[in-house]
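The values are calculated or read from the model by the stated rules, or taken from the named source; none is laboratory data. These figures come from a predicted structure and were not determined experimentally. For neighbour counting, all protein chains shown are included, and Cβ atoms are generated from backbone atoms with ideal geometry for every residue, glycine included. To get the accessible areas, we keep the full protein, side chains included, count just its heavy atoms, and leave off ligands, DNA and RNA. Shrake-Rupley method; radii C 1.70, N 1.55, O 1.52, S 1.80 Å.
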Amino acid sequence: MQIKNAIFDLDGTLIDSMHLWRNYQVDIIEELSGIKIEKSEREELVLSTYNVILKKVFDNHGVTVDPSVLSVMCEERMKLKYHSADIELKPYAKEYLSHLKKTGCGVALATATPKALCVPFLQKKGLYEYFDCIVTSPDDAHIDKHEGPAVYDMALNNLGGTKDNTAVFEDVLFAIKMCKKHDYYTIAVSDRLQRADITEIKSTADRYIQSYEEMMI
């Protein structure tokens, strides 16, 4: 496929941040509930998605945590990481974004991370200039990626492209499935939290890459 437009997720796709989100979520659950999560259970939880973590904690410990409170507290802690730009980029991510812009490709960000967090990070890391548009689930689409493809559709509309010439870069299985269900060409990007889903991710996505260097060969 000749890519004329590229839509990127942020966390776990362009930056190595998903493990930070998940560990903060588990930390906050411990603080709010008073339970102690052992190392082996934590290792299993951080491989899960937000809602699955809450369900597993309820099944294992019989405690519930208000999802909205958890979300707000987690964003507050992650805000420090984003605003200080204390998160590593995925290998060759910046180089690939630069390559796309030099070749005239349209580039969009479609993320669940609020603009108040991701924009300062992108600016400090020197990535902001590469994006033609930034669309977020909470600020623009107002619908989660679990629930529909609105954030990708808005990004595609802003780029003025079509699904025939657009690739979506994602890292988590549910998002890859959502993209495929709605006829997007999907490239899965390797992430440290994919262990439980790696086989299905590779079989679902149109392509799987370990590094963006592969996209420039």
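Going by the structure shown, is D153 modelled with pLDDT under 95, out of contact with any Leu (no Cβ under 9 Å at 6 or more places or on another chain), farther than 19 Å from Q2 by Cβ and among the acidic types (D, E)?
On the way: modelled with pLDDT under 95: no; out of contact with any Leu (no Cβ under 9 Å at 6 or more places or on another chain): yes; farther than 19 Å from Q2 by Cβ: yes; among the acidic types (D, E): yes.
Spelling it out, it is not the case that D153 is modelled with pLDDT under 95, out of contact with any Leu (no Cβ under 9 Å at 6 or more places or on another chain), farther than 19 Å from Q2 by Cβ and among the acidic types (D, E).
For segment 152-183, which positions are open to solvent by less than 10 Å² (accessible area, probe 1.4 Å), free of Cβ contacts under 8 Å to residues at least 40 places away in the same chain and more than 14 Å from G12 (Cβ to Cβ)? Steps first, please.
From segment 152-183, those open to solvent by less than 10 Å² (accessible area, probe 1.4 Å) are 152, 155, 166-171, 175-176, 179; that's our starting set.
Next, only the ones that are free of Cβ contacts under 8 Å to residues at least 40 places away in the same chain stay: 176, 179.
Selection gives C179 alone.
Listed here are the residues, each with its yes/no results for (1) in a helix (DSSP H, G or I); (2) modelled with pLDDT of 95 or more; (3) of a type in the set (A, V, I, L, M, F, W, C); (4) open to solvent by 20 Å² or more (accessible area, probe 1.4 Å).
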| position | (1), (2), (3), (4) |
| --- | --- |
| T64 | no, no, no, yes |
| M73 | yes, yes, yes, yes |
| L100 | yes, yes, yes, no |
| L109 | no, yes, yes, no |
| I134 | no, yes, yes, yes |
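What's the total number of residues in segment 194-217 that are open to solvent by 30 Å² or more (accessible area, probe 1.4 Å), at pLDDT 95 or above and either under 18 Å from A112 (Cα atoms) or in a loop (DSSP other than H, G, I, E, B) (or both)?
Here the count works out to 2.
Those residues that are open to solvent by less than 20 Å² (accessible area, probe 1.4 Å) and more than 18 Å from L20 (Cα to Cα), I need them from segment 75-96; list them, please.
Within segment 75-96, A93, Y96 meet the criteria.
Look at H146 and say whether it is modelled with pLDDT under 95 and surrounded by fewer than 17 Cβ atoms within 10 Å (Cβ to Cβ).
Values: modelled with pLDDT under 95: yes; surrounded by fewer than 17 Cβ atoms within 10 Å (Cβ to Cβ): yes.
Considered against the rule, which asks whether it is modelled with pLDDT under 95 and surrounded by fewer than 17 Cβ atoms within 10 Å (Cβ to Cβ), H146 comes out as yes.
So which of L47, L20 ends up being under 30 Å from Y185 (Cα atoms), part of a loop (DSSP other than H, G, I, E, B) and either in contact with a strand residue (DSSP E or B) (Cβ under 6 Å, 6 or more places away or on another chain) or open to solvent by less than 50 Å² (accessible area, probe 1.4 Å) (or both)? Outline the logic, then answer.
Working: L20 fails: part of a loop (DSSP other than H, G, I, E, B).
After applying the criteria, what remains is L47.
Could you please let me know if T186 is in a helix (DSSP H, G or I), under 30 Å from N23 (Cα atoms), of a type in the set (S, T, N, Q) and at pLDDT 95 or above?
Details: in a helix (DSSP H, G or I): no; under 30 Å from N23 (Cα atoms): yes; of a type in the set (S, T, N, Q): yes; at pLDDT 95 or above: yes.
Against the criterion (in a helix (DSSP H, G or I), under 30 Å from N23 (Cα atoms), of a type in the set (S, T, N, Q) and at pLDDT 95 or above), T186 does not qualify.
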